[in-house]
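A short write-up of the structure that comes next.
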Amino acid sequence: MTALHPGHWDISELQGSPRRRRRERLVGRLAFAAAAVSILISVGIVYALLFEAIQFMLDVDWSRTWGQIGWIPRQGYVDLPTIVVASLWVTLIAMIVAAPLGLAAAIYLSEYADARVRRILKPVLEILAGVPSVVLGYFALRFIAPDVVGNVFTSAAPANLMAAGIGVGLLTIPLVASISEDALAAVPGSLREASAGLGARKRSTSLKVVLPAALSGLTAAFIVAVSRAIGETMVVYIAGGAADSAVKNFDPTQPGLTMTAAMASVASGTDSVAGVGPTFQSLFFVGLLLFLITLLLNLVADRFVRRFRQEY
Amino acid sequence: MAAPAIPTDTTGRAGEALERLRRRPDIGGRVFQLALLSSLLFTLLVLVVLVIQVFGDGSSVITGRLGGFLTGGLSSRAARAGIAQGLRGTFYLCLITAIVAFPLGIGAAIYLEEYAPRNKLTTFIDINIRNLAGVPSVVYGILGLTIFVKGFGFRSLTGGSTPLAAGLTLAVLVLPVVIITTAEALRSVPQALKEAGYGVGGTQWEVIRDHMLPYAAPGILTGTLLSIARAAGEAAPLILVGTITGYLTDVPSWFDVSQIRGRFTAMPIVITTWARQPQDEFRIDNTAAAIVVLIVFVLLLNSAAIVLRNRFEKRREA
């Protein structure tokens, strides 16, 4: 570097060496490129779905997508109500399991547990969140279906949608708990103190002050969990009881295919090779439906999250 | 003027009523607290039952023929079937995912936290990433199938349904999570540290490289390694990408790198395929044993995350 002479400042000396500046510019551009990849991914997803989904919509015999005996792509029956209703059942059952358990866990961790108890109990949720979904699928098939659902509903099939739904629910508990806990923790302590100052007991404070104050965040937790449950594939694919096709059946104690499991079946089964009509393209059409549903849910949840961030 | 005295006299009627109220046990509150706690204990119970079930089911294979199970290939005979190809596939998938997702994810997070101007494009990228994190994994499978397996340009690179194509798919799948956790870790760097870096004449990149990244390293490492563990357990995108669910005849060596462009399978796929077989030897014994191996693999990744985090945290304190 050239020596600096007081009184003879040159602008280039203040800028630092050209090599250093070039490197700065390069790093900035590389970082931008990395961030731009995320946009490319979104474009890629939409392109991948739309192209073949439109092909499906043009080619398919629409009478075969409604009021058929079931989802049997091999024979050209792509009855949408069959898989949509199965998805709704699985999601409903999952939420019946995950919403109360996740919310209760969040209230306990946020309002009642001291640091020591938190340190012991929080990892339980973290471990559960790390269990691969194929493992929960196996558990649903081996334990929940025969020993839980089978005991309550004696007419239940050995593998069924209800067992899969409970499995999905267990999988979503950590998600509900962590977002709910964030929402409860964001409620300012002054509200709790004011409530206690008025003579309210801990339970009244938790239920009548903290919970309503965190409502938008809790709503977000619920919506994100619904979105996750609809998109869960492997638990239903393994424990749903339907091999590669499902007969229309609105009873959750019987086998079924959700939208996601139907996609996995089409992709893995022999149905993808040969079939009547645009069988393989049905995969993309169902995928597009799934993508739009989860996108809508995520956008709504995002709105709620931002609201509770703004409030406090 | 004296402050009004707080009534301490508990002999009066009002005082008595107050005292009764205070001494009344809060049974409802206790029950409520217990109910909340039991929801957490129930979750713990589920985990315990799950572990007992899986280890119980897998014990015959694990105690009986663990060596052959780990080194054997897929087979139609349950007593001979092994998971060597699945393990190798999962190992390569994790490797490719890490190589692709880490630099991209950390780079994107650095851009969003440090370089990005506050404009509409940045907001859009931000919302876009959060939405990508919520896209179901099976939809990423469709992306992988269309772009990485069949898309032109990529087809000649990946060679079709190969570990390379699947690894790229998983990298794209975990990328949003890597970005979000890295950005959070960068945000936790104290402002004073950055200012000190600039104060001694560091450029933006020098401050990021020498001060921010080392400080944020524990958080970044934990987040990224957890996302690799997630990639190791994903099955849905692999099914879509065309991972072999039937038989793979050859068991090539672990270090034959050319296999990243060959036919492959992975642990979650092996588990799924076996779990759907009719025979109990596959459906129960082999599946559970494979699950035990997968869980051990994922736990190793998680503990590596914890060990690395602790080392970095210690260095930060020093």
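The residue of region A:111-122 that is surrounded by the fewest Cβ atoms within 10 Å (Cβ to Cβ), among those that are assigned to a helix (DSSP H, G or I) and hydrophobic (A, V, I, L, M, F, W, C), is A:ALA115. Could you list, in sequence order, the residues of region A:206-222 that are β-branched (Val, Ile, Thr) and within 10 Å of another protein chain (Cβ to nearest Cβ)? Passing the criteria: none in range.
Does region A:75-97 contain at least one residue that is in contact (Cβ under 8 Å) with a residue 60 or more places away in the chain, in contact with a Leu (Cβ under 8 Å, 6 or more places away or on another chain) and among the acidic types (Asp, Glu)? No: zero hits. Given the structure, is A:ALA36 free of Cβ contacts under 8 Å to residues at least 12 places away in the same chain and within 28 Å of B:ALA171 (Cα to Cα)? For A:ALA36, the condition - free of Cβ contacts under 8 Å to residues at least 12 places away in the same chain and within 28 Å of B:ALA171 (Cα to Cα) - is met. Looking only at residues in region A:50-68 that are surrounded by 14 or more Cβ atoms within 10 Å (Cβ to Cβ) and over 30 Å from B:ALA171 (Cα atoms), the one that is nearest to the other protein chains (Cβ to nearest Cβ) is A:MET57.
Being more than 10 Å from chain A (Cβ to nearest Cβ) and of a type in the set (D, E, K, R) is the filter here, so list the residues in region B:26-77 that pass it. Correct list: B:ARG65, B:ARG77.
Once region B:215-246 is narrowed to residues that are in contact with a Phe, Trp or Tyr (Cβ under 8 Å, 6 or more places away or on another chain) and farther than 30 Å from B:ILE83 by Cβ, the residue that is nearest to the other protein chains (Cβ to nearest Cβ) is B:PRO218. Among the conditions (1) within 11 Å of chain B (Cβ to nearest Cβ); (2) touching a residue at least 12 places away in the same chain (Cβ under 8 Å); (3) under 30 Å from A:LEU257 (Cβ atoms); (4) within 18 Å of the chain's Cα centre (by Cα), A:GLU126 misses just one, which is (3).
Cβ-Cβ distances below 7 Å connect the following pairs, each with a first residue in region A:100-119 that is on the phi < 0 side of the Ramachandran plot, a second residue that is modelled with pLDDT under 90 and surrounded by 22 or more Cβ atoms within 10 Å (Cβ to Cβ), and a separation of six or more residues or different chains: A:ALA105/A:LEU125.
When B:ARG20, B:ARG65 are checked against the criterion of being surrounded by fewer than 14 Cβ atoms within 10 Å (Cβ to Cβ) and either farther than 29 Å from A:GLY169 by Cβ or of a type in the set (A, V, I, L, M, F, W, C) (or both), a single residue qualifies: B:ARG20.
Of the residues making up region B:53-62, those that are surrounded by fewer than 17 Cβ atoms within 10 Å (Cβ to Cβ) and under 23 Å from the mean Cα position of the chain (by Cα) number 1.
Only helices (runs of 4 or more DSSP H) wholly contained in region B:6-117 count here; list those with 2 or more residues that are closer than 26 Å to A:ARG203 by Cβ. Passing ranges, in order: B:13-23, B:27-71. Suppose we keep only residues that are under 34 Å from the mean Cα position of the chain (by Cα) and aliphatic (A, V, I, L, M) within region B:183-209. Which one would you say is nearest to the other protein chains (Cβ to nearest Cβ)? Taking the candidates together, the pick is B:ILE208. Restricting attention to region A:215-255, which residues are in a loop (DSSP other than H, G, I, E, B) and at pLDDT 90 or above? Correct list: A:GLU232, A:THR233. Candidates A:TYR47, A:TYR108: the one that is part of a helix (DSSP H, G or I), surrounded by fewer than 20 Cβ atoms within 10 Å (Cβ to Cβ) and aromatic (Phe, Trp, Tyr) is A:TYR47.
Looking at region B:174-235, the helices (runs of 4 or more DSSP H) lying wholly inside it that each contain 3 or more residues that are farther than 19 Å from A:ALA34 by Cβ sit at B:191-199, B:213-233. Within region A:189-205, does at least one residue satisfy the condition of being under 23 Å from the mean Cα position of the chain (by Cα) and either buried (at least 21 other Cβ atoms within 10 Å of the Cβ) or within 14 Å of another protein chain (Cβ to nearest Cβ) (or both)? Checked against the condition, which is being under 23 Å from the mean Cα position of the chain (by Cα) and either buried (at least 21 other Cβ atoms within 10 Å of the Cβ) or within 14 Å of another protein chain (Cβ to nearest Cβ) (or both), region A:189-205 yields no hits at all. Screening B:SER156 with (1) touching a His at 6+ places or on another chain (Cβ under 7 Å); (2) without any contact (Cβ under 8 Å) to a residue 12 or more places away in the chain gives one miss only, at (1). Just so you know, in region A:97-119 the residues that are more than 24 Å from the chain's Cα centre (by Cα) and modelled with pLDDT of 85 or more include one that is farthest from the other protein chains (Cβ to nearest Cβ), and it is A:ALA115. Screening A:GLN75 with (1) surrounded by 15 or more Cβ atoms within 10 Å (Cβ to Cβ); (2) within 26 Å of the chain's Cα centre (by Cα) gives one miss only, at (2).
You will find that of B:THR243, B:THR222, B:THR265, B:THR287, the residue that is modelled with pLDDT of 90 or more and surrounded by 14 or more Cβ atoms within 10 Å (Cβ to Cβ) is B:THR287 and no other.
Can we say B:TYR111 is surrounded by fewer than 24 Cβ atoms within 10 Å (Cβ to Cβ), hydroxyl-bearing (Ser, Thr, Tyr) and at pLDDT 90 or above? No, not satisfied. If you filter region B:118-144 down to residues that are basic (Lys, Arg) and in a helix (DSSP H, G or I), you find that the one that is nearest to the other protein chains (Cβ to nearest Cβ) is B:ARG130. Among the residues making up region B:120-156, those that are modelled with pLDDT under 90 and exposed (fewer than 14 other Cβ atoms within 10 Å of the Cβ) are B:PHE152, B:GLY153, B:SER156.
The values are calculated or read from the model by the stated rules, or taken from the named source; none is laboratory data. Everything numeric here is computed off the predicted structure, so don't read it as measured data. In this analysis, Cβ positions are derived from the backbone assuming ideal geometry, glycine residues included, and neighbour counts consider all displayed protein chains.
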